[in-house]
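Have a look at the structure below before the remarks.
The values are calculated or read from the model by the stated rules, or taken from the named source; none is laboratory data. Since this is a predicted model, take the numbers as computed values, not measurements. Positions of Cβ are backbone-derived with ideal geometry, glycine not excepted, and every protein chain shown enters the neighbour counts.
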Amino acid sequence: MKILTETAEQLHIRNFNLYIGIFGWSCALLVLGKLIQLAYSGQFQPADWYHIFAFFIFFFGGSAFAKKEDVIFNKEEKMVYWSRKVLFGTKQGSIPFNHIVDIVVERTHGDSNFRHRVSIKTDSRVITITEAYSAGSVHQYDQVVDKIKAIIS
């Protein structure tokens, strides 16, 4: 999670998990290379179909996690604009400031460490600024929450 723009009138937060996508796509390319090598050498057997399955798992897995998430808090318009872009589409929306109930840091515990993400609680639902939980200092996330609360107040 990175703050791209921070002014008195606007706060723009971006999260872009490209590294997971690159890892998945790289693995998919390695499996594709193995498939081409098997096909070219004439050694492709029916038992080798798992290579095709692995290719699709790595490709679509990498694509699913390579999300570009943007959240813009506009004080002048009193609106929050959010979007999530993935390889196969975009989700987006907006929230008026008067529908925001709270900004919170959600915490989960796994693998002997805490993971965090920032969420916007509205009167009807919870919208996460980043869908994925990330490791790191809770202090960093608390600072982001404080900056958001300063913009929306």
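Structure summary
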item: Evaluation of Val80 against (1) over 24 Å from His139 (Cα atoms); (2) in contact (Cβ under 8 Å) with a residue 12 or more places away in the chain (one fails), failing number; result: (1)
item: Matching residues, the stretch 2-21, being hydrophobic (A, V, I, L, M, F, W, C) and either out of contact with any helix residue (DSSP H, G or I) (no Cβ under 7 Å at 6 or more places or on another chain) or under 21 Å from Phe97 (Cα atoms) (or both); result: Ile3, Leu4, Ala8, Leu11, Ile13, Phe16, Leu18
item: Leading residue by the ranking (farthest from Gln143 (Cα to Cα)) among those in the stretch 1-38 that are part of a loop (DSSP other than H, G, I, E, B) and not small (Gly, Ala, Ser); result: Asn17
item: Any chance Ser119 is within 22 Å of Gln140 (Cα to Cα) and either of a type in the set (Gly, Ala, Ser) or not assigned by TED's automatic domain parsing to the domain that holds Gln143 (or both); result: yes
item: Residue ranges of strands (runs of 3 or more DSSP E) in the stretch 43-153 with at least 1 members modelled with pLDDT under 85 and surrounded by fewer than 11 Cβ atoms within 10 Å (Cβ to Cβ); result: 89-96, 100-110, 113-122
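Condition check ((1) touching a residue at least 24 places away in the same chain (Cβ under 8 Å); (2) under 14 Å from the mean Cα position of the chain (by Cα)) across all residues:
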position: Ile3; (1), (2): yes, no
position: Glu9; (1), (2): yes, no
position: Gly21; (1), (2): yes, yes
position: Ser41; (1), (2): no, no
position: Gln45; (1), (2): no, no
position: His51; (1), (2): no, no
position: Gly62; (1), (2): yes, yes
position: Phe65; (1), (2): yes, yes
